[in-house]
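Following: one structure in structure tokens, then a few remarks.
Read-outs: derived from the displayed coordinates by stated rules, not from any lab. For clarity, every value in this text was computed on a predicted model and none was experimentally measured. A quick note on method: Cβ atoms are made from the backbone with ideal geometry, for glycine too, and the neighbour counts reach across all protein chains shown.
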Amino acid sequence: MGIKQWVAGEELTASDLNGRFRDNISLEAGENITAGQPVVIGDDTSTAEQIAQDTTDTGHVLDDDDIDLVSQSFTTSADTDQITAIQQRLSKGGTLGGMNLTVKIYLADGSDEPTGAVLASKQVVLGASQAEAWITFTLATALDVLASTKYVYTVEIDSHTGADNLSIKYESGSSLYAGGLSKHSTDTGSSWASLNYDLTFRVDMLQDITASGKVYLSNATLDNALANNFIGFADETITSGNSGLIKLSGYDDNQTGLTVGSMYYLSDTLGTIADSAGSESRRVGIAISATKILLRPELTV
């Protein structure tokens with residue numbers, strides 16, 4: 001086969017390029033993808049995320065003779081994969097001895113109360129006196145959880161001396177955290193009453209960005225797999241869990257509004273490209289018409 005030559009200024013047609021530059025492969029989509037969107041290949045990347053209600057202005061005394069359980073519900077994000085720790089702001093008074101304190105995690109029912117079996121638990125031992133601080137209950141094994149699902153954790157005293165007390169910190173003005181609320185029980189969890197505020201708490205989680213071998217929409221906001229693993233453009237619309245064709249090389253003709261001759265980059269908007277770089281500069285190609293982009297990726301990180 002002879003080498004095709006083009007005269008300067010000659011328009012490149014689909015027949016000129018087809019078969020010389022195009023290379024498609026069928027891959028499974030990890031989310032819904034529309035034809036023409038830039039995609040990355042998954043590599044089991046996870047990143048940390050956190051639910052945080054850091055405001056505090058007072059404390060609630062928790063002991064065996066008064067409120068013996070307190071709880072806080074929370075809602076995982078659409079991408080949450082695991083819970084690794086619960087952080088609770090608290091202080092401990094008294095000087096007679098230590099205190100065993102346990103956090104337990106459950107699914108939440110429709111009333112934001114614990115339901116079913118304990119999913120995970122962690123005990124810490126406080127000293128004779130504990131100044132106000134964040135106490136971290138790190139799970140021995142990260143807890144696999146469902147995305148966009150409400151869970152609840154409880155704080156309970158396993159043992160303590162009668163002169164000691166535990167002050168669980170909270171904000172008293174209103175419920176600042178929209179994804180859950182705090183409750184208390186005086187009968188070891190048989191019944192619960194709302195406290196009308198949120199505890200001062202944090203939930204440390206891992207967000208599963210990508211599953212290995214699946215394709216996802218690109219995003220240049222952060223230096224992670226969504227920016228670094230660009231492989232091409234979707235050649236067709238693909239529903240999450242189904243397989244479809246991805247263009248790995250050549251040109252993509254599912255674009256609109258491109259400026260001929262301009263370089264294009266992954267943008268900070270999920271699954272889009274732009275003629276200027278996003279927060280992380282990842283070049284993907286050059287426009288050869290208003291609807292076609294020739295893949296010329298440069299993904300140096």
- Task: With an 8 Å cut-off on Cα pairs and a minimum separation of 6 or more residues, tell me the relative contact order of the range 202-278 in percent.
- Result: 28 percent
- Message: Can you give the FRET efficiency to the nearest 0.05 for ASP68 and THR239, using r as the Cβ-Cβ distance and R₀ = 51 Å?
- Response: 0.55
- the range 47-208: relative contact order from alpha carbon pairs under 8 Å, six or more residues apart, as a whole percent, is 43 percent
- Query: For SER182, SER262, SER46, what's the fewest-to-most ordering of other Cβ within 10 Å of each Cβ?
  - Reply: SER262, SER46, SER182
- Task: May I ask for log10 I(q)/I(0) of the range 47-208 at q = 0.08, 0.16, 0.18 Å⁻¹, from a Debye sum over the Cα atoms as equal point scatterers with solvent left out?
- Result: -0.21, -0.86, -1.10
- Task: Straight distance only, please: which lysines reach the Cα of LYS92 with their own Cα at less than 21 Å, same-chain residues fewer than 8 apart left out?
- Result: LYS104, LYS122, LYS169, LYS183
- For the range 167-301, just list the percent of Cα-Cα distances falling in each 5 Å bin from zero outward, please. 2, 9, 15, 15, 12, 8, 5, 6, 8, 7, 6, 4, 2, 1, 0
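Rank these for me by crowding, TRP192, TRP134, going from fewest to most other beta carbons within 10 Å. If you can, show how the numbers build up before the last one.
Values: TRP192 22, TRP134 13.
Lowest to highest Cβ neighbour count: TRP134, TRP192.
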- Roughly how many debye, to the nearest 20, is the charge dipole of the chain about its Cα centre, given +1 on each Lys and Arg Cβ, -1 on each Asp and Glu Cβ, and no other charges? 920 debye
- Task: Take the alpha carbon atoms of the range 238-301, find their center, do the same for the range 69-145, and report the distance between the two centers in whole angstrom.
- Result: 45 Å
- The farthest towards the positive end of the charge dipole of the chain, of the residues THR80, SER279, THR149, given +1 on Cβ of Lys and Arg and -1 on Cβ of Asp and Glu, is SER279
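For SER121, SER279, what's the fewest-to-most ordering of other Cβ within 10 Å of each Cβ? If you can, show how the numbers build up before the last one.
On the way: SER121 18, SER279 14.
Fewest to most other Cβ atoms nearby, the residues stand as SER279, SER121.
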- Taking Cα extents along the principal axes in Å as the quantity of interest, determine which of (1) 93, 32, 31; (2) 45, 42, 36; (3) 79, 57, 38 was computed from the displayed structure. (1)
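Find out how many positive minus negative residues lie around ALA220, taking Lys and Arg as positive, Asp and Glu as negative, among other residues whose Cβ is under 15 Å from that of ALA220.
Once all neighbours under 15 Å are counted, the net charge is -3.
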- Query: Could you work out the helix-only [θ] at 222 nm for the chain, with each DSSP H run of four or more residues adding -39,500 (n - 2.57) and the total divided by the number of residues, to the nearest 500 deg cm²/dmol?
  - Reply: -500 deg cm²/dmol
- Query: Which of GLY42, GLY173, GLY232 moves most in a GNM of the chain, Cα contacts under 10 Å?
  - Reply: GLY173
- Query: Projected onto the charge dipole of the chain (+1 at Lys/Arg Cβ, -1 at Asp/Glu Cβ, origin at the Cα centre), which of LEU101, ALA220, ILE288 gives the Cα projection farthest towards the positive end?
  - Reply: ILE288
- Dipole axis of the range 47-208 (+1 Lys, Arg; -1 Asp, Glu on Cβ), positive-most option in HIS184, SER194, LEU90: LEU90
